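The values are calculated or read from the model by the stated rules, or taken from the named source; none is laboratory data. Note that the coordinates shown come from a computational prediction; the quantities given were computed from them, not determined experimentally. Quick reminder, even Gly has a Cβ in these numbers, built from the backbone with ideal geometry, and neighbours come from all protein chains shown.
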Amino acid sequence: MSANNDQANKEQPILALIQDIKDGRIAPETIDKELRQQCIEVFLAEGYTTSSIAQIFKKTDRTIRRDIEDIRAQNAITPDIDLAKKTIGEMVVYMHTHRAYLMRLARLKDASVAEKAQAEYLAARIGIELVARLQTLGFLPLKPQEIIADISHHVTADNESSFDELRSQIVEIERISKESGELTPEMTKELENLKKRIEKAEIQDKVTKILSHTDEKGKDEKDN
């Protein structure tokens, strides 16, 4: 009979089982270890202490502590790049969802000016914090200023870098800086200067190639 009860309990949703325990319809001490640990996980999430859980299941504190250690072991994770990508992806979706909700609040007709301003401010903060988190995790450049310095070096010293690629990097820096609130007038001016330097370097590169081609053609004519 006990085996039949255990099977019936396992087929119940955990929350329904917990409600039956609270209402006295099921004797908690009769529940097997697997189900008890599933219930304990819910109780922990609700803020119950070890002693309170022990009292509910009529077990010793030591038994409940062992159950909690088992739960921790079952929920343990190891470093994994796929898990990291999925977790970060969920975080990005979550923050975008909340930001969109705040933006909708900021446009409610019945909202006061103060409420709209607060919603706009919080939406902006979420955007800034998202960029900061992605920078910290290595998914976005940490310091746009460092990238500017790197681009400046490439413009003057690395002819192998594509001019279009450099322009794309500047556009990306502008976008990231705007989202993070770091696009200062000084940085804007520096980015404009870089664009001019890239244009100048591109012209110089074309002139150099033309002169080189002319020199080679002249040498060929002399040899002939």
Report task. For region 49-69, state whether one or more residues are at pLDDT below 90 and not hydrophobic (A, V, I, L, M, F, W, C). Result -> no
Query raised in the report: Tell me, which helices (runs of 4 or more DSSP H) lie completely within region 49-138 with 3 or more residues that are outside the structural domain of Pro28 (by TED's automatic domain parsing) and touching a residue at least 24 places away in the same chain (Cβ under 8 Å)?
Result: 81-106, 113-136
Query raised in the report: Could we say that Ser161 is modelled with pLDDT under 70, in contact with a His (Cβ under 9 Å, 6 or more places away or on another chain) and either in a loop (DSSP other than H, G, I, E, B) or farther than 29 Å from Thr87 by Cβ (or both) here?
Result: yes
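Taking region 107-128 as the region of interest, how many residues are within 28 Å of the chain's Cα centre (by Cα) and over 23 Å from Met91 (Cβ atoms)?
Of the residues in that region, 5 qualify.
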Requested in this report: Considering only residues that are under 21 Å from Asp70 (Cβ atoms) and modelled with pLDDT of 90 or more, look in region 6-20 and name the one that is surrounded by the most Cβ atoms within 10 Å (Cβ to Cβ).
Outcome: Leu17
**Report entry** Qualifying residues in region 98-152 (those that are of a type in the set (Lys, Arg) and modelled with pLDDT of 80 or more) - the one farthest from Lys86 (Cα to Cα)
**Finding:** Lys109
